[in-house]
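The values are calculated or read from the model by the stated rules, or taken from the named source; none is laboratory data. Every value quoted in this text rests on a predicted model; they were computed, and no experiment measured them. No Cβ is skipped: glycine too gets one built from the backbone with ideal geometry, and neighbour counts run over all protein chains shown. Side chains are part of the model used for accessible areas, which takes the heavy atoms of the whole protein and leaves out ligands, DNA and RNA. Shrake-Rupley method; radii C 1.70, N 1.55, O 1.52, S 1.80 Å.
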Amino acid sequence: MQKITKQIRVYGIVQGVGFRPTVSRHGATSGVTGTVCNHGPFVEIFAQGLPEQVGLFEQLLSEQPPKRAAILKIDSKPLEEAPEYTEFDIIESAKTSGEIFISPDIATCDECKQEIRIRRTGDSVIRSSTVLAVVRD
């Protein structure tokens, strides 16, 4: 069976809620490769895999979004031509005019807080799926 690629746009409250890491985890779970990137009012995803893998990915996306996300609409269309993706990459957010800044502290849900790990190497580095902070002294 041949791989397919879909362009998926998710509209709603999808910025600052851990949406991209969640999409990446869904990609790993379903065996899909591709990319995810914030674009102002929507998140754009390119998902590539066997049809059943992409179907599972889309199901996970709609049924298991981050807790603080609110999906208003999902547009999905197959692409005739696409590059070959070898992994699922989280792309840096695209800058758009009028973009609203949401503090990462507001968007950190209880599950994400449980993922926080502290590594001491002179500086304390705190990491989670939605937070990266470096604390010095």
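Please go through the stretch 1-50 and pick out each residue that is closer than 18 Å to residue 86 by Cβ and among the β-branched types (Val, Ile, Thr).
4, 5, 23, 29, 32, 33, 35, 36, 45
Pull out all pairs, ordered by first then second residue, where Cβ-Cβ is under 7 Å, the residues are six or more apart or on different chains, the first lies in the stretch 40-58 and is without any contact (Cβ under 8 Å) to a residue 12 or more places away in the chain, and the second is surrounded by 20 or more Cβ atoms within 10 Å (Cβ to Cβ) and among the acidic types (Asp, Glu).
none
Among the residues of the stretch 1-29, write down those that are touching a Gly at 6+ places or on another chain (Cβ under 7 Å) and open to solvent by less than 20 Å² (accessible area, probe 1.4 Å). I'd like the intermediate steps shown before the answer.
Taking the stretch 1-29 as the starting set, the residues that turn out to be touching a Gly at 6+ places or on another chain (Cβ under 7 Å) are 3, 27.
The answer is 27, and nothing else.
Applying the selection to the stretch 66-85, what residues are open to solvent by 100 Å² or more (accessible area, probe 1.4 Å) and part of a loop (DSSP other than H, G, I, E, B)?
67, 68, 80, 81, 84
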